[in-house]
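Peer 1: Pasting in a structure now, in structure tokens, and then I'll have a few things to ask.
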Amino acid sequence: MAHKRRGFTLIELLVVIAIIALLMAILAPVLAKARKRARAVACRSNLQQWGLIFSMYTNDNSGYFFEGSLPDGVADSARGRWMNALRTYYSNLPKIRCCPMANDTQYELDSSGVQVQVRQAGTFVAWGVFDGSGWTTKGDYGSYGLNRWVTNPLPPVSPRDRPTEYNWRTCDVPCASDIPMFLDCHWVGGWPEMASNEPPRYDGDWDQKRLNNIKRFCLNRHDGTTNGLFVDLSIRKVGLKELWKLKWHRYFDTDAAPPAWPDWMKNFRDY
């Protein structure tokens, strides 16, 4: 005797759909965390490659870094910004200039090469794309930045009245493992100073007026930490509050922490 095949009832289908939806709700945060961890690992892998790039440059230049800033009236060249100074070493591959958490750029170039803003600046937004005006090189973008105190400026240069005796200039220095060189950043780089070291009021609040450069490096891309390459070529996670404990320049006071942390940073680890 043939048996009639029985399908799912509507109620059974609804139960199955509800179970799948519940599993997705449970798994989604886990998968999101796994993706973030994978991107953080990829970020440190990028910085490892940058360590080799900086090492090749200093090996070719008697242990010294590039000038970083040039005298007024002198056009930017391979001696200037890190994107140009190191370009031959990283083969102009733009993706290596980006933390995997921040690949989307604030600007794009239209068909005429004019810069058009497509996103607001923020923690997960890359600087650029540059249009080639001023000191920029057309097409450059990224989401890492240089501690510009490591550079080796020419004697007449005092970028924005910052004393050049503060610069490290060479990789052959004491406490190299405490000197940050290349990190997650809102901009191409900065000069963190003690005189203006207030933390960002909120995540994504950065130093657009060029007064408080440590803000450029204090951004929450990696769960209360940022990734950094140090002058000794070590790579590690850096707590956001730990940024104030690093030896940015020769005279940086690592005990001069801000008097108070903003609400968004209060629960991060203290150092």
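The values are calculated or read from the model by the stated rules, or taken from the named source; none is laboratory data. For clarity, every value in this text was computed on a predicted model and none was experimentally measured. Positions of Cβ are generated from backbone atoms using ideal geometry, with glycine treated the same way; all protein chains shown enter the neighbour counts.
Peer 1: Would you confirm whether any residue within the range 100-117 is in a strand (DSSP E or B), β-branched (Val, Ile, Thr) and surrounded by 13 or more Cβ atoms within 10 Å (Cβ to Cβ)?
Peer 2: Yes - at least one qualifying residue is present in the range 100-117.
Here's the yes/no breakdown for (1) assigned to a strand (DSSP E or B); (2) within 23 Å of Pro94 (Cα to Cα); (3) not hydrophobic (A, V, I, L, M, F, W, C):
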{"residue": "Met181", "(1), (2), (3)": "yes, yes, no"}
{"residue": "Asn220", "(1), (2), (3)": "no, yes, yes"}
{"residue": "Asp223", "(1), (2), (3)": "no, no, yes"}
{"residue": "Leu229", "(1), (2), (3)": "yes, yes, no"}
{"residue": "Trp244", "(1), (2), (3)": "no, no, no"}
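Quick grid of which residues meet (1) out of contact with any Asp or Glu (no Cβ under 9 Å at 6 or more places or on another chain); (2) under 21 Å from Asp60 (Cα atoms); (3) surrounded by 13 or more Cβ atoms within 10 Å (Cβ to Cβ); (4) of a type outside the set (Ser, Thr, Tyr):
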position	(1), (2), (3), (4)
Gly128	no, no, yes, yes
Thr136	no, no, yes, no
Leu146	yes, yes, yes, yes
Val150	yes, yes, yes, yes
Thr164	yes, no, yes, no
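Peer 1: Same structure, new question: Right, Ala32: modelled with pLDDT of 80 or more, hydrophobic (A, V, I, L, M, F, W, C) and either part of a helix (DSSP H, G or I) or closer than 30 Å to Tyr89 by Cα (or both) or not?
Peer 2: no
Peer 1: Name the residues in the range 199-232 that are at pLDDT below 95, among the polar types (S, T, N, Q) and farther than 15 Å from Trp149 by Cα, would you?
Peer 2: The one that is at pLDDT below 95, among the polar types (S, T, N, Q) and farther than 15 Å from Trp149 by Cα: Gln208.
Peer 1: Does the range 155-171 contain any residue that is part of a strand (DSSP E or B), closer than 25 Å to Tyr107 by Cβ and at pLDDT 95 or above? Steps first, answer last, please.
Peer 2: Initially, the range 155-171 is screened for residues part of a strand (DSSP E or B), giving 170.
Imposing the further condition that a residue be closer than 25 Å to Tyr107 by Cβ reduces the set to none.
Checked against the condition, which is being part of a strand (DSSP E or B), closer than 25 Å to Tyr107 by Cβ and at pLDDT 95 or above, the range 155-171 yields no hits at all.
Peer 1: Would you check which residues across the range 222-266 are touching a Cys at 6+ places or on another chain (Cβ under 6 Å) and closer than 21 Å to Ala40 by Cβ and list them?
Peer 2: Asn227, Leu240, Leu243
Peer 1: How many residues are of a type outside the set (A, V, I, L, M, F, W, C), under 28 Å from Val173 (Cβ atoms) and in a loop (DSSP other than H, G, I, E, B) when one looks only at the range 201-218? Spell out the reasoning first.
Peer 2: Our first condition is that a residue be of a type outside the set (A, V, I, L, M, F, W, C); within the range 201-218, this holds for 201-205, 207-210, 212-213, 215-216.
Now drop any that are not under 28 Å from Val173 (Cβ atoms), which leaves 207, 210, 212-213, 215-216.
Next cut, in a loop (DSSP other than H, G, I, E, B) only: 207, 210, 212.
Summing the residues that are of a type outside the set (A, V, I, L, M, F, W, C), under 28 Å from Val173 (Cβ atoms) and in a loop (DSSP other than H, G, I, E, B) in the range 201-218 gives 3.
Peer 1: Of the residues in the range 238-251, how many are of a type outside the set (Val, Ile, Thr) and more than 15 Å from Val173 (Cα to Cα)?
Peer 2: The total comes to 7.
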